Amino acid sequence: MRVSIRLEIHREVQEASALREEAQEREQRASELRRAVARRLEADGYTIRDIGVVLGVSYQRVHQLTHKTNDQEIHVR
């Protein structure tokens, strides 16, 4: 099925798609960084609850961040 739209709208759709992809990439990077910070703080002797305060997440989430292995996927929304 084909739908004809004005070029201006087509460009906006393309921009929206590019922005969505960029946002997903940034979210992935933020998750990786948050995990690394949590692990570093844990290695430095901070408690799980303290790390939660620093990161603004629950202590349960900190536990997930610090105990995730490379072959596990944890998705929380």
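Evaluated on region 11-63, the Kirkwood hydrodynamic radius is 12.5 Å, with distances taken between all distinct Cα atoms.
Under a point-charge model restricted to the Cβ atoms of Lys and Arg (+1) and Asp and Glu (-1), what is the dipole moment magnitude of region 7-67 relative to its Cα centre, in debye to the nearest 20? Present the calculation step by step, with values, prior to reporting the outcome.
Values: 10 positive and 11 negative charges, 81 e Å.
Roughly 380 debye, rounded to the nearest 20.
Note on region 7-67: dipole from Cβ charges, positive end direction compared against ALA16, ALA30, ALA43; the farthest Cα belongs to ALA43. Comparing VAL57, VAL13, VAL37 in a Gaussian network model of the chain, where Cα atoms under 10 Å apart are tied by springs, the biggest mean-square fluctuation is seen for VAL13.
Here is how the number arises for the chain: DSSP H runs of 4 or more residues each give -39500 (n - 2.57), the sum is divided by the residue count, and the result at 222 nm is -23500 deg cm²/dmol.
Can you tell me the orientation of helix 7-43 relative to the chain, as the angle in degrees between its alpha-carbon axis and the longest Cα principal axis, to the nearest 10? Taking Cα atoms only, the helix is inclined about 10 degrees.
With a Förster radius of 35 Å applied to the beta-carbon distance between VAL37 and ARG2, the computed FRET efficiency rounds to 0.15.
Only the coordinates and a few stated rules stand behind these numbers; no lab work does. Small disclaimer: the values here were computed from a predicted structure and weren't measured. Note that each Cβ is placed from the backbone with ideal geometry, even for glycine, and that neighbours are counted across all protein chains shown.
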